[in-house]
Amino acid sequence: MNRLDLKFLLLGAIMLTAGVMLGVVMGIRHDFSLAPVHAHINLVGWASLSLFGIVYKLYPELAKSRLAAAHFMLAAPAAIMFPAGIALSILYEQPLVAILAALMWLAGVILFLIQLLALVHRPVFQPTLAAAE
């Protein structure tokens, strides 16, 4: 079985750990220059990835679609690259990784939205020819 829900949740938990560790280090050093990185690790990494995993668990038919696999293939690397790219932008004025990751993240979010819209517009009961007779 694919277990896309668990893949999203596991990556979300890894990102939560990374975000907490960065927050602790910033607090110890009293240097909060990477606060935007910390915020994106927690929001994009922990919150969003975990919510995707929960939705795929609640609606397993979504996890079976090709769009779900494409969503994970875009969202997983983007969730890691985006905060790293923000750090590169802050520390070295090199925003390219952040820009590419943001576009990947956006594409993944659009795929997720398309799946949800399809789910909302999917009829609950699809009559067959036998039922119509």
- Task: Could you list all residues from the range 48-61 that are under 15 Å from the mean Cα position of the chain (by Cα) and under 10 Å from D5 (Cα atoms)?
- Result: L49, S50, L51, F52, G53, I54, V55, Y56, K57
- Has the range 4-11 got at least one residue that is loosely packed, with under 15 Cβ neighbours inside 10 Å, out of contact with any strand residue (DSSP E or B) (no Cβ under 9 Å at 6 or more places or on another chain) and within 18 Å of L119 (Cα to Cα)? no
- Query: If the Cβ limit is 6 Å and pairs must be 6+ apart or interchain, which residue in the range 83-98 that is free of Cβ contacts under 8 Å to residues at least 12 places away in the same chain pairs with which residue that is among the polar types (S, T, N, Q) and buried (at least 17 other Cβ atoms within 10 Å of the Cβ)?
  - Reply: P95/S89
- Residue, farthest from A13 (Cα to Cα), within the range 24-77, restricted to residues that are loosely packed, with under 15 Cβ neighbours inside 10 Å and of a type in the set (V, I, T): I28
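In the range 24-37, what residues are assigned to a helix (DSSP H, G or I) and more than 12 Å from A79 (Cα to Cα)? First the steps, then the outcome.
At the first step, the residues of the range 24-37 found to be assigned to a helix (DSSP H, G or I) are 24-29, 35-37.
The answer is V24, V25, M26, G27, I28, R29, A35, P36.
For the range 25-39, enumerate the residues that are among the small types (G, A, S) and without any contact (Cβ under 8 Å) to a residue 24 or more places away in the chain.
Looking only at the range 25-39, we keep the residues that are among the small types (G, A, S), and these are 27, 33, 35, 39.
Listed by number, the residues that qualify are G27, A35, A39.
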- Checking M1 against (1) touching a Leu at 6+ places or on another chain (Cβ under 6 Å); (2) at pLDDT below 95, the condition it does not meet: (1)
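The values are calculated or read from the model by the stated rules, or taken from the named source; none is laboratory data. Since the model is a prediction, treat every value here as computed from it, not as a measurement. We place every Cβ from the backbone using ideal geometry, glycine too, and count neighbours over all the protein chains shown.
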